[in-house]
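K.L.:
Got a structure here, written out as structure tokens. Questions coming.
The values are calculated or read from the model by the stated rules, or taken from the named source; none is laboratory data. Everything numeric in this text was worked out from a predicted model, so none of it was measured. Here the Cβ positions follow ideal geometry from the backbone for every residue, glycine too, while neighbour counts run over all protein chains shown. Ligands, DNA and RNA are excluded from the accessible area calculation, which covers all protein heavy atoms including side chains. Shrake-Rupley method; radii C 1.70, N 1.55, O 1.52, S 1.80 Å.
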Amino acid sequence: MKLVRKDLEKDNAGQVTLIPEEPEDMWHTYNLLQVGDSLRASTIRKVQTESSTGSVGSNRIRTTLTLCVETIDFDSQACQLRVKGTNIQENEYVKMGAYHTIELEPNRQFTLAKKQWDSVVLERIEQACDPAWSADVAAVVMQEGLAHVCLVTPSMTLTRAKVEVNIPRKRKGNCSQHDRALERFYEQVVQAIQRHINFEVVKCVLVASPGFVREQFCDYMFQQAVKTDNKLLLENRSKFLQVHSSSGHKYALKEALCDPAVTSRLSDTKAAGEVKALDDFYKMLQHEPDRAFYGLKHVERANEAMAIDTLLISDELFRHQDVATRARYVKLVDSVRENMGTVRIFSSLHVSGEQLGQLTGVAAILRFPVAELSDQEDESSSEED
């Protein structure tokens with residue numbers, strides 16, 4: 001998705017101009033649109049014309065319309081989006097208040113205006129427009145004294161950092177200068193990995209080099225991680241995969257990506273993270289039911305107790321027609337993040353999203369048991385009786 005322009009006021013009202021570039025961008029667009037929004041895009045309208053002789057004909061004319069959105073229809077197979085609404089800006093071909101349907105498609109620019117852009121919608125735009133969010137694979141291509149830290153998206157390779165350190169040669173009887181420089185080089189590469197690789201998104205980090213450089217580097221990195229108790233690196237150790245490359249230059253990445261061990265590792269989809277989170281929830285529900293809640297009321301109460309470790313929520317809930325209900329889900333997401341919890345927004349197009357939908361679309365894994373919630377429910381139900 002390409003962000004052309006963004007004009008937001010202090011109260012978060014305003015408009016955003018976007019160009020969807022891939023089929024998946026149409027899914028993002030569907031999740032951005034809400035009833036009551038204003039959508040401006042070019043469209044084709046059938047217009048009746050009357051000649052001087054009185055004969056009536058009709059022409060198809062391309063024009064730009066601004067609609068107040070009333071219905072949104074998304075065809076997931078064809079990745080087409082039809083938006084129906086009433087015209088709210090003067091147009092020489094279409095009367096004010098007249099109904100029209102705009103078909104949005106890849107590479108067609110549109111402008112979307114909202115009275116209130118909430119945090120979930122703004123985050124979706126950020127993710128859709130930042131290629132780093134679609135980069136499932138990261139790579140460190142290195143040789144002694146030179147390393148490139150890259151992100152690999154389906155369409156391009158982005159170089160995020162280049163590390164160059166002069167490594168003196170080993171001298172007979174004195175290797176200390178060489179070893180110190182090498183350690184300084186490794187440390188800078190580790191810092192670049194931590195700064196530029198988002199382990200929430202990336203499912204595999206290739207470490208490619210000629211010779212034994214990659215083994216020595218990985219040994220150094222994880223020894224330091226143990227010494228400094230670096231949880232980020234230790235928790236994601238299984239994502240690192242060592243492969244051969246002819247050099248530390250960026251072009252050598254291609255041969256690393258062709259390695260059979262790499263291609264089999266990358267056969268997983270991004271949805272694997274969602275599947276694992278849902279699996280963890282079901283296990284918790286089975287073994288420690290006081291640490292697994294679902295349903296909006298239960299999850300909100302757990303959040304009030306600051307007990308939520310991981311919130312699982314379906315993107316379908318943010319398309320709710322009622323503004324107050326939608327705002328309630330947004331508030332829950334913001335609050336969990338403020339309390340240092342993890343939020344996983346599930347796509348309702350994936351199987352895991354459908355399963356979560358059967359559990360009301362919102363569930364939570366708690367940091368600690370909150371038994372009194374179920375007790376409160378029992379008390380309130382007995383009072384109602």
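K.L.:
Counting only residues that are within 22 Å of residue 121 (Cβ to Cβ), touching a residue at least 24 places away in the same chain (Cβ under 8 Å) and open to solvent by 10 Å² or more (accessible area, probe 1.4 Å), give me the helices (runs of 4 or more DSSP H) lying completely in region 274-366 with at least 2 of them.
P.N.:
Helices (runs of 4 or more DSSP H) meeting the threshold: 296-304, 323-338.
K.L.:
What helices (runs of 4 or more DSSP H) completely inside region 156-252 contain at least 2 residues that are of a type in the set (Gly, Ala, Ser) and out of contact with any helix residue (DSSP H, G or I) (no Cβ under 8 Å at 6 or more places or on another chain)?
P.N.:
Correct list: 176-196.
K.L.:
Being in contact with a Ser or Thr (Cβ under 6 Å, 6 or more places away or on another chain) and open to solvent by less than 40 Å² (accessible area, probe 1.4 Å): is that true of residue 85 here?
P.N.:
no
K.L.:
I need the full set of residues from region 94-141 which are touching a residue at least 60 places away in the same chain (Cβ under 8 Å), more than 28 Å from residue 162 (Cα to Cα) and assigned to a strand (DSSP E or B), in order please.
P.N.:
Passing the criteria: 102, 103, 104, 110, 111, 112, 113, 114.
K.L.:
I've got another one for you. Scan region 52-79 residue by residue and report those that are surrounded by 14 or more Cβ atoms within 10 Å (Cβ to Cβ) and farther than 19 Å from residue 37 by Cα.
P.N.:
61, 63, 79
K.L.:
Name the residue, out of 209, 246, 176, that is touching a residue at least 40 places away in the same chain (Cβ under 8 Å), farther than 26 Å from residue 342 by Cα and either loosely packed, with under 13 Cβ neighbours inside 10 Å or not aromatic (Phe, Trp, Tyr) (or both).
P.N.:
After ruling out the rest, the residue left standing is 209.
K.L.:
In addition: Please name all residue pairs, on different chains or six or more residues apart, with Cβ atoms under 6 Å, provided the first residue is in region 1-30 and is surrounded by 13 or more Cβ atoms within 10 Å (Cβ to Cβ) and the second residue is in a strand (DSSP E or B) and of a type in the set (Gly, Ala, Ser).
P.N.:
As it stands, the answer is 8/14; 15/113, since those pairs meet every condition given.
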